[in-house]
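Written below as structure tokens is the structure these notes are about.
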Amino acid sequence: MIEDANWYLLFWPAFWVFVLVVLALWWIPTQVARKALNGRWRSWVLAPSIPFQISSRNAWPFMFAAASVSLGIALLSLPAEVLGWERARQTVWDLFFAPWAFVILSFAWWPLWLSPRWYRSWGQAGGTRETNPWMEEEVAIVQAKEPSKKRAKQLADIERCAEILRGLPTPGGAAETCHGDLSEETA
């Protein structure tokens, strides 16, 4: 096994550039999916459907999550490549394609049982692109919280959802309306 190792990769600058690119490609969809699915940013459910999507509810954060899992699996191939473990590398790349089945599935349908609790509750209550993802009880809970950065972001998202549903323009324009503020880290 050791004689099959590809140690030279560790000293090849292009390998490290590739590693950094794959890490960035993994990190971006991971952050987008996390911010969209954790329940603090919900205005994404009101965004128009993406091309070829026939589902009545938005599922693109689930696509990002599946892509993130797939790219995370791809990262596992790097040690196998360096160590020359061909069977392990092939197994990892075989697993790489499994999450993409969920991406394809999400164009037509996404099972609510695979969704976060807030999305599941919203969907079971008949949630569509025309209904507010913030239930009245949840809005009351957020409004009753002590002032904090998290509360401020949730209140901004609640207002953004209300504006979208009223058809009013938002301060950040269409991109802000559909995609929220991804630049700041939420606690």
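The values are calculated or read from the model by the stated rules, or taken from the named source; none is laboratory data. This one's a predicted model, so the numbers in the text were calculated from it and none came from an experiment. FYI the Cβ positions are ideal-geometry reconstructions off the backbone, even for glycines, and counts take in every protein chain you see. When the accessible area is computed, the model is the full protein with side chains, heavy atoms only, and any ligands, DNA or RNA have been set aside. Shrake-Rupley method; radii C 1.70, N 1.55, O 1.52, S 1.80 Å.
Placing +1 on the Cβ of each Lys and Arg and -1 on the Cβ of each Asp and Glu in the range 78-157, which of V142, G123, I104 has its Cα farthest towards the positive end of the resulting dipole?
V142
Starting from 0.36 nm per residue, how many nanometres of slack lie between R34 and Q124 once their C-alpha separation is accounted for? Let's see the in-between values first.
Numbers: separation 90, 0.36 × 90 = 32.40 nm, distance 2.15 nm.
This chain segment gains 30.2 nm when fully extended.
Between the range 20-79 and the range 95-114, what is the C-alpha centre distance in whole Å?
Cα centroid to Cα centroid, the span is 11 Å.
For the range 1-60, report the accessible area per residue in Å² (1.4 Å probe, heavy atoms, rounded to an integer).
On the way: 3580 Å² over 60 residues.
Accessible area per residue: 60 Å².
Among N38, L95, V21, which residue has its Cα furthest toward the positive end of the charge dipole of the range 1-119, with +1 on Lys/Arg Cβ and -1 on Asp/Glu Cβ?
N38
State to the nearest 20 debye the size of the charge dipole of the range 1-91 about its Cα centre, where the only charges are +1 on K and R beta carbons and -1 on D and E beta carbons. Display every interim value, and only then the final one.
Details: 7 positive and 4 negative charges, 152 e Å.
My answer is approximately 740 debye.
Using a 1.4 Å probe over the heavy atoms of the protein chains, calculate the carbon and sulfur portion of the accessible area of the chain as a whole percent. Walk me through the numbers on the way to the answer.
Working: 7520 of 10980 Å².
Percent of accessible area from carbon and sulfur atoms in the chain: 68.
At R0 = 41 Å, how high is the FRET efficiency between E136 and A5 if r is their beta carbon distance? Nearest 0.05 is fine.
Values: r = 61 Å, r/R0 = 1.48.
With R0 = 41 Å, the Cβ-Cβ based efficiency is 0.10.
Which of these values of Cα extents along the principal axes in Å was calculated from the structure shown: (i) 65, 34, 27; (ii) 88, 37, 25; (iii) 41, 38, 33?
(i)
Quick one: longest stretch of the chain between exposed loop GluC sites (Glu not before Pro), exposed meaning at most 16 other C-beta atoms within 10 Å and loop per DSSP? All intermediate terms of the calculation are to be shown ahead of the outcome.
On the way: sites that count: E130, E184, E185.
Here the longest segment lacking exposed loop sites spans 1-129.
Taking the 0 to 90 degree range and rounding to the nearest ten, how far is the long axis of helix 149-166 tilted relative to the main principal axis of the chain, both from C-alpha atoms?
Taking the Cα atoms of the chain, the angle to 149-166 is about 70 degrees.
Please give me, ordered by residue number, the chymotrypsin sites (Phe, Trp or Tyr not before Pro) of the range 22-110 that lie in loop per DSSP and have at most 10 other Cβ atoms within 10 Å. Let's see the in-between values first.
Details: sites: W26, W27, W41, W44, F52, F62, F64, W85, W93, F96, F97, W100, F102, F107, W109; in loops: W41, F52, W85, F97, W109.
Of the chymotrypsin sites (Phe, Trp or Tyr not before Pro), the ones in loops of the range 22-110 whose Cβ has at most 10 other Cβ atoms within 10 Å are F52, F97.
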